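Please read the structure below before turning to the comments.
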Amino acid sequence: MGTKIVTIDLGAKEYDIYIGESLLYRIHDMIPDDVSGGKFFIITDNNVSDYARQVQETLLAQGAQQCETLALHPGEKTKSFEIFQQVCEWMLSHKISRDSVVVAVGGGVIGDLAGYAAASVLRGVGFVQVPTTLLAQVDSSVGGKTGINTSYGKNLIGAFYQPGVVVADIEILKTLPRRELLAGYAEVVKYGLIEDLSFFEWLEEHGRDVCALDSDAVSYAVEKSVRAKADVVIADEKEQGRRALLNLGHTFGHALEAAAGYDGRLLHGEAVAIGMVMAFDLSSRLGLCTKADLERVEEHLAQIGLPTRAAFITPNLTQNAEKIVELMGNDKKVKKGRLNYILVKGIGNAFVSADVPQELVVEVVRDSLGSDDGQSLQEMLQDKWKSVFSSQ
Ligand code: ADP
Ligand code: ZN
């Protein structure tokens, strides 16, 4: 399988995303010439530090003048002010200069944190992303969002800062825990649901191969996803119009994540899977899409092994539907007090609407939390979901 290159053309800030295998051994070839002989600062986490070491060895063997590595604690807590300060001061202590390059080797946590540090230290140094999760490869490494969490919420401090290159080595996904892999897959499905029915159909046929990490299937899915996100990002770099479509399932999902308390029992992609089903449910109740569309989406996600109902979050969410709808109002995408919903007129046809009756939203959430609606499907899926967990 050859390496694929997707170019993100943001006018003055053009950069390439490489997708392929064994890329870490050739990373120097992908880094723009004007920086490849300078200083590198690799930020990673302890679960993926072997990959960081590989990057370091390759860069040093290819003539890098200096290459420092900082391995952080894995997990969302690392995206904090304290660690941000630690990272910046670590770079300064090793005499980082304007022509140095920060290399993020890790998932979304490391990418967001290292990207924000790269944007901030000396008012901006070079930045290379080596995403190691499926989620980061198809989503967070494209679009230039960087940042950290605060006690007021996630990702509330940050900057748009584009990398010079993204190196997505799909072989790295082999060590990714299965649950993390599936969570990333939810974002892949999202691209099909937003505006590409034929990609969704391809996923119905080959999603299992993607999740079994068949190289050709993963490479195709990552490329399609990256192109889909890039298309939207290029059209709309700072998130006004079309970029909002990327939030399909996310307003519901973020509220579920907040309700679950960010304690690891609900991964972002799992929340998005449930949220996308809710968005289809809401759209179907509004008569915008058919019930068959809703069932088709839910069935695909469930077959892959993703949760599709809030009822499947264990231990169960204690919040009631009203409380979760209230949490939706805290989402940072709320504009002038109005909550925008990403709805669908069918699979592959998403749009933004602010015109949704609140009672209907409460009903959708209530049913997802567990009611008698679709009982048999729900039971069937719940068993499936349990078996996925028990096989971890
Ligand atoms: P994301 O935000 O991209 O979902 P995180 O940065 O939170 O991901 O990473 C999820 C978890 O998976 C972390 O514990 C991280 O250390 C671990 N991880 C990331 N990539 C890999 C990989 N390729 N192999 C094994 N573990 C990984
Ligand atoms: Zn997401």
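For region 141-153, which positions are touching a residue at least 24 places away in the same chain (Cβ under 8 Å) and either among the basic types (K, R) or over 19 Å from A235 (Cβ atoms) (or both)?
Filtering region 141-153 for residues touching a residue at least 24 places away in the same chain (Cβ under 8 Å) gives 141-150, 153.
Those that are touching a residue at least 24 places away in the same chain (Cβ under 8 Å) and either among the basic types (K, R) or over 19 Å from A235 (Cβ atoms) (or both): K145, T146, G147, I148, N149, T150, G153.
Could you check, for region 22-39, whether at least one of its residues is among the aliphatic types (A, V, I, L, M), part of a strand (DSSP E or B) and more than 21 Å from V109 (Cα to Cα)? No, region 22-39 contains no residue that is among the aliphatic types (A, V, I, L, M), part of a strand (DSSP E or B) and more than 21 Å from V109 (Cα to Cα). Which one is nearest to Y161 (Cα to Cα) among residues in region 223-243 that are at pLDDT 90 or above and open to solvent by 50 Å² or more (accessible area, probe 1.4 Å)? Per the stated criteria, the residue is R227. Here F280 passes the criteria (1) within 15 Å of ligand 2 (Cβ to nearest atom); (2) in a helix (DSSP H, G or I); (3) under 30 Å from E359 (Cα atoms) except the one numbered (1).
Out of curiosity, is T44 crowded, with 16+ Cβ neighbours inside 10 Å, more than 16 Å from ligand 2 (Cβ to nearest atom) and outside any loop (DSSP other than H, G, I, E, B)? Working first, answer last.
Values: crowded, with 16+ Cβ neighbours inside 10 Å: yes; more than 16 Å from ligand 2 (Cβ to nearest atom): yes; outside any loop (DSSP other than H, G, I, E, B): yes.
Criteria met by T44.
Checking each residue in region 31-46 for being at pLDDT 95 or above and touching a helix residue (DSSP H, G or I) at 6+ places or on another chain (Cβ under 8 Å) picks out F40, F41, I42, I43, T44, D45.
Can you tell me which residue is farthest from ligand 2 (Cβ to nearest atom) among those in region 131-145 that are of a type in the set (S, T, Y) and over 19 Å from E14 (Cβ atoms)? Selected residue: T132.
Across region 94-111, the number of residues qualifying as open to solvent by 20 Å² or more (accessible area, probe 1.4 Å) and within 11 Å of I43 (Cα to Cα) comes to 1.
Quick check, is L282 out of contact with any Gly (no Cβ under 8 Å at 6 or more places or on another chain) and touching a residue at least 60 places away in the same chain (Cβ under 8 Å)?
Spelling it out, L282 is indeed out of contact with any Gly (no Cβ under 8 Å at 6 or more places or on another chain) and touching a residue at least 60 places away in the same chain (Cβ under 8 Å).
The set of residues in region 1-23 being surrounded by fewer than 14 Cβ atoms within 10 Å (Cβ to Cβ), over 24 Å from E68 (Cα atoms) and at pLDDT 95 or above consists of I5 alone.
A quick yes/no check of all residues on (1) crowded, with 19+ Cβ neighbours inside 10 Å; (2) in contact (Cβ under 8 Å) with a residue 24 or more places away in the chain; (3) farther than 21 Å from V121 by Cα:
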residue: Y25; (1), (2), (3): no, yes, yes
residue: E57; (1), (2), (3): no, no, yes
residue: E82; (1), (2), (3): no, no, no
residue: L92; (1), (2), (3): no, yes, no
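Can you report the number of residues in region 243-277 which are in a loop (DSSP other than H, G, I, E, B) and closer than 16 Å to V361 by Cα? Don't jump to the end; show me each part of the working.
In the first step, residues of region 243-277 are kept if they are in a loop (DSSP other than H, G, I, E, B); the result is 248-249, 261-267.
Those still in the list that are closer than 16 Å to V361 by Cα too: 248-249.
Of the residues in that region, 2 qualify.
The single condition among (1) at pLDDT below 95; (2) in contact with a Lys or Arg (Cβ under 8 Å, 6 or more places away or on another chain) that D331 does not satisfy is (2). Taking the listed residues V210, V218, V188, V166, the one that is within 27 Å of I234 (Cβ to Cβ), surrounded by 22 or more Cβ atoms within 10 Å (Cβ to Cβ) and in contact with a strand residue (DSSP E or B) (Cβ under 7 Å, 6 or more places away or on another chain) is V166, with no other qualifying. Of all residues in region 232-270, which are more than 16 Å from ligand 2 (Cβ to nearest atom) and within 16 Å of the chain's Cα centre (by Cα)? The answer is G264, and nothing else. Every condition in (1) surrounded by 22 or more Cβ atoms within 10 Å (Cβ to Cβ); (2) within 29 Å of F81 (Cβ to Cβ) is met by A159 except one, and the failing one is (1).
Residues in region 244-300 that are out of contact with any helix residue (DSSP H, G or I) (no Cβ under 6 Å at 6 or more places or on another chain), open to solvent by 20 Å² or more (accessible area, probe 1.4 Å) and within 26 Å of G75 (Cβ to Cβ): 8 in all. Evaluation of A52 against the conditions (1) open to solvent by 20 Å² or more (accessible area, probe 1.4 Å); (2) part of a helix (DSSP H, G or I); (3) of a type outside the set (S, T, N, Q) shows that the sole unmet condition is (1).
Scan region 303-321 residue by residue and report those that are over 19 Å from the mean Cα position of the chain (by Cα) and open to solvent by less than 10 Å² (accessible area, probe 1.4 Å). Step through it out loud before you land on a result.
Restricting attention to region 303-321, the residues satisfying the condition of being over 19 Å from the mean Cα position of the chain (by Cα) are 303, 309-321.
Within region 303-321, A310, F312, I313, A321 meet the criteria.
Residue count for region 119-139 under the criterion of being surrounded by fewer than 24 Cβ atoms within 10 Å (Cβ to Cβ) and in a helix (DSSP H, G or I): the result is 5. The residues of region 106-153 that are modelled with pLDDT under 95, within 11 Å of ligand 1 (Cβ to nearest atom) and out of contact with any Asp or Glu (no Cβ under 7 Å at 6 or more places or on another chain) amount to a single one, S141.
The values are calculated or read from the model by the stated rules, or taken from the named source; none is laboratory data. Since the structure is predicted, the reported quantities are computational estimates derived from the model, not experimental observations. Here Cβ is always computed from backbone atoms with ideal geometry, including for glycine, and neighbour counts include all displayed protein chains. Protein only, heavy atoms only, side chains kept; ligands, DNA and RNA dropped before computing areas. Shrake-Rupley method; radii C 1.70, N 1.55, O 1.52, S 1.80 Å.
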